[in-house]
Structure formats: structure tokens, C-alpha cells
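Just below is one structure, and these are the notes that go with it.
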Amino acid sequence: MPVMRVKFGPQHPISGHLCLALDVDGDVVVNIEPDIGYTHRGLEKIAENRNYVQAVPPLERANIVDSVHMVLGYVEAVEELMGVEVPERAKFIRVIMAEMSRIASHLYWLCLMAVAVGLETMLMWPINDRELLLDLFEMYTGARITHSFFIPGGVRRDLPQGFKEQTFRALSYLEQRLGDYDRMLYQSYTFKIRTQGVGKLKPQEAIKLGLVGPSIRGSGVKVDVRKDEPYAAYDQLEFTVPTGKVGDSYDRSVVRLREMEQSISLIRQALERLPSGPIKAPAPSSAPKGETYSRVESARGELGYYLVGDGTTRPYRLKISSPSFRNLPAMGYLSKNVPFADIPVILWSLDLWPLDMDR
Amino acid sequence: MTLSPVAKAKETYTLLKDKILNWGRAWSLWSVHLCTGCCSPELMAVSCSRFDAERFGTLPFPSLRQCDLLFVLGVVSEKMAKRVKLIYDQMPDPKYVIALGDCAISGGLWWDSYCVVQGIDKVVPVDVYVPGCPPRPEAFIQGIMMLQKKIQGKEV
Ligand code: SF4
């Protein structure tokens, strides 16, 4: 049978906005070509036409399920360029928000991963538990997923009354739910048989492909910006970086589950140690001439911002190095001579989110 | 005037046909699973158990040949617009379109972007507009209810 080219996406329940062109020989995929750009919005150029604070809302939409990290990276870069020192309390609030966003993003990923292996119940559970976090976000910022709450110099407003208690309640519930997920999904025969041994990456290969985030940690490489180059208040908090051993889809999934546990403990620590004081430092409206690169560990991996200032109120150049784009080469590498049914599993074990890939 | 039973039945049928058909259509709106922009996480929230759009008969469905509703989920780039048109053309009649999010309505946040279609109604005809960035799940559901009213011929 001749090799046939099939388009997978963008109208497909699993691929989301991503389009992959697959060369299939019967049921076996021989080659894969990502066809990205369906959600390209020209974000970088748009940010260059806004001033530093106005650029926050568009940038946040680059990765809407993990919007806090998208803003955090940008804000850190702007502060570095302007030379603004952020107050301690704002740093802790940033950690709380960022870790909540990481859990929300991983829960979103979890349901898509479960759908990729064909378990529909697990589509409902994590999405419902994610609502808990979205309610917390709403309580604090007034928006479910698009908060625009970090500004150069700190955060917009202080934590509301009762936020701490409600967060603790939500966290203990989530902790128990993570155990449920472990039993329900990770120990299930279907999930194991569909993910173990699928999309195996050795540490050397992963480094060579330039993977970031949980995808590289699944192969046993311990890289985490929160540890390597601490930003916000991560240097004052204790956490471990979970890694996998084999480097297959199952390991990458387990890493994300363990990360959620770490995030829960991080939020608890940050809430308990929350110092008092101001939440905002005055920041100038224009940045001096110069350039900077800042990176944060988003839910999908390292997210970098390259920012050039030219002394005006607008960035001269803004370049985003997004984690999904950096994980994309692995998709092509792993999907050679695999059965067609493994493609969704590999795709979601790398957690490729097309919106921040296209920007 | 007395009608024969057959004629009576015929008259009743013509009266009720549209009503029953529209009732059936309004409560079984199956939507195409097409994500165009960043409003898509809210579709996920809406179709899962907390907000549960299935109460209103709406369910994202993988195959577009059996669908009669197209959600345009937010920003549509020039590249995606061709796909949206293609998908709309492939759907069987009667078909309805709901434009979700400011971007799908008028370009929204990306009003000065070089690659974003400023309003999806330039590409496909739209029945209901739901504003918001992204629209809350409640707004989502309100949009579905408005479409149902429209289909049933009531005033919206
Ligand atoms: S309306 Fe807002 S959330 Fe929706 S696609 Fe546009 S920018 Fe994204």
C-alpha cells in the first residue's frame, strides 16, 4: 500500500488547534510534519505596539490555561530591565498564584491525556477539580482565567479576606483527589498498557532535542528554573524536583502528578510564611536602553522572554521562547514508525499547547 | 365546514411539523469540535459536569457530518479562517453558528494584528454573538439558550 498523507487536526477533539501532517503506511506512521500557525496572532509585534503595562493582557492570552506564568515571565523581564526591586510580600503572592496556575494547567492536561488513552471519566474529574482553583482565582482577581494581575513592580491588589482559609480547604481536598487519580488512572491497566514504553526518550536524546519542563524531567534530567536560577520567592521555599527513570509517556505523566503535589506544598508554605508589607513598588513607565533575558518555569517548561528597551514607554523588541515550541521537535522524533493510535498519547505526554507554540 | 379525517390529520400535521422539527432541532444541537482561539478552555468547562451544557442538548462531537452547530471559539487567524469556511461548508443543513468571544465578534484584543480576521461574520454567517474575553460559562450557556429560542421561532 502506498504511503498516504493524512491531516490530523485542527478540527479534531484531541489535537486542539494543532495540525499534524502524518505520512501513514497502513496503520503505521512513518513521518510526521507539524503544520503550526493556525492560532498565530502576531503577539510579539502587538506587545511592541503597547506600552509596558498594556502588553500584559495580550501576552497572557498566549497560554491561557497557564496565564499566570506567561505574565510572570514578562513582568520579571521588565523589572530586570527597569531595575525595580519587588517587595517581599508581592514575591510570595506571585508564588502562590503561579503554583495555583501550575496545578490548574496540569489538571487540564490530565483530562486531555485521559481522553487520549480513551478514558472518558477522567475527562470530568480533573476539570471539575480545576474549577476549585478557578474559583480561588476569581475570588482574588475577579476573573476565572485571564487575570492580568501582575504588573511591573508587584501585584495589583492584596489578598482578600478569607482567601487563606479557602485555599487551605481547597488544597486538602485536592490532595485527596490526587490520590484518587493515582488509583483511578495511573494504576489502571488501560493507562499503563497505552503509555508504558510509548515515546521513549533517553536522557541524552532529550538534551539533544532541547526539551524543557516535565518532558525532560520525565527522562531523568533534573532541570528546573525554580531551582537553577530562583526567581520570585522560590529560594526561600522548600520543594523537590520529581524526575522519571525510563523516559516514556508514563514517566512524563507521573512527573506531572508529583509536581502537583509539590505545588500544593509550595502554596501551603508560601501562605504560612506570607510576610506583611507593601505589595507594589513604584515602577517607571519607560525602560532605559538595554536588553535582558528572563526565564521562569511554567507548567510546560522553561519560558523565556528576551526584551530590548530603547528608552521609550514601549519595548523595542520582545521575543518569547515558549516551552511548547521547544518541545515540538520531540514530537517528530518520537513519531517515526509508531502505530497511529499512539500519536495522541505522545502528543499529550509532551503537553504541546498550540496557542503558545504559535503565539 | 366538515373535514374528512384524512384532511384533518393533514392539517394538524402541517401545523405541528415545523413546531416538532424545530423543537427537536433546538434540543439536540451537536457542535463541531473546532478550537480556533484561546476561548477553548471555557468550552471544556462548559461541556463538563459543573456547567454541563448537555442539559441543553449541546455536546461537542468529533464528526462534523452529524453536527449542526459551529462554535467559533475566539480569535480566527487568516490561516484558520479558510478552515472555518471549509468546515462550515461541510456541515449539513440546517446549521447554526455561535461566535464566542470578542475576537470572533470584532477582532477584540487583536484589533491591530496583521494576521487576525476582524470578525468571523466576514467568513461565515453568525446567529448568536456572545461577548466576553473569554465569555464566562454562564454566558456560553445563555448563548445556547438564545439560539434555541431563535430556532423555535420565539422572540430573542
Ligand atoms: S476573546 Fe479573549 S480569550 Fe477569547 S480568543 Fe479572544 S483573546 Fe482569547
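Sparsely packed loop sites in the stretch A:241-343 (the trypsin sites (Lys or Arg not before Pro) outside DSSP H, G, I, E and B with at most 14 other Cβ atoms within 10 Å) comprise A:LYS245, A:ARG273, A:LYS289, A:LYS336. Among the GluC sites (Glu not before Pro) within the stretch A:119-189, those in coil by DSSP and having at most 13 neighbouring Cβ atoms inside 10 Å are A:GLU120. With neighbour counts taken as other beta-carbon atoms within 10 Å, the residues A:MET113, A:MET122, A:MET100 rank, fewest first, as A:MET122, A:MET100, A:MET113.
Summed over qualifying helices (DSSP H, 4 residues or more, each -39500 (n - 2.57)) and divided by its residue number, chain B shows a 222 nm mean residue ellipticity of -13000 deg cm²/dmol. Relative to the longest principal axis of the Cα atoms of chain B, the long axis of helix B:137-151 lies at roughly 40 degrees.
The calculated FRET efficiency for B:SER28 paired with A:TYR186, based on their beta-carbon distance and R0 = 22 Å, is about 0.05.
For a straight C-alpha distance cut-off of 14 angstrom, the aspartates and glutamates reachable from B:LYS95 (same-chain residues fewer than eight places away being disregarded) are B:ASP68, B:ASP127.
Taking Cα centre as origin and charging only the Cβ of basic (Lys, Arg, +1) and acidic (Asp, Glu, -1) residues, the dipole magnitude of the stretch A:65-146 rounds to 80 debye.
The ranking of B:CYS115, B:CYS103, B:CYS35, B:CYS48 by Cβ neighbour count inside 10 Å, starting from the fewest, reads B:CYS115, B:CYS48, B:CYS35, B:CYS103.
Once you charge only the Cβ atoms, +1 for Lys and Arg and -1 for Asp and Glu, what is the size of the charge dipole of the protein assembly as shown about its Cα centre, to the nearest 20 debye? Here the protein assembly as shown has a charge dipole of around 700 debye. When A:ILE267, A:ILE216 are arranged by Cβ crowding within 10 Å, least crowded first, meaning fewest neighbours, the order is A:ILE267, A:ILE216.
Eigenvalues of the alpha-carbon gyration tensor of the protein assembly as shown, scaled by 5 and square-rooted, set the equivalent ellipsoid semi-axes at 40, 28, 24 angstrom, largest first. For the stretch A:270-359, the Cβ-based charge dipole about the Cα centre amounts to some 320 debye (Lys, Arg positive; Asp, Glu negative; other atoms uncharged). Looking at this model, which pairs from A:LYS222/A:LYS245; A:LYS192/A:LYS245; A:LYS45/B:LYS85; A:LYS45/B:LYS82 are more than 18 angstrom apart at the alpha-carbon? Check vs 18 Å cut-off fails for A:LYS45/B:LYS85; A:LYS45/B:LYS82. Axis of helix A:249-272 versus longest Cα principal axis of chain A: the two differ by about 20°, to the nearest ten degrees.
For chain A, the longest principal axis of the alpha carbon atoms and the long axis of helix A:121-141 meet at an angle near 10°.
Between A:ILE36, B:ILE98, B:PRO131, the Cα set farthest toward the positive side of the dipole of the protein assembly as shown (charges on each charged residue's Cβ, about the Cα centre) is that of B:ILE98. Spin-label pair B:LEU3-B:LYS85: with each label point 7 Å from Cα along the Cα-Cβ axis, the two points sit 4.7 nm from one another.
Taken together, the values in this text are just the output of simple stated rules run on the coordinates, not laboratory data. Remember, predicted model here, so these are calculated numbers, not experimental data. Because the Cβ atoms are built from the backbone with ideal geometry, glycine has one as well, and the counts that use them run over all protein chains shown.
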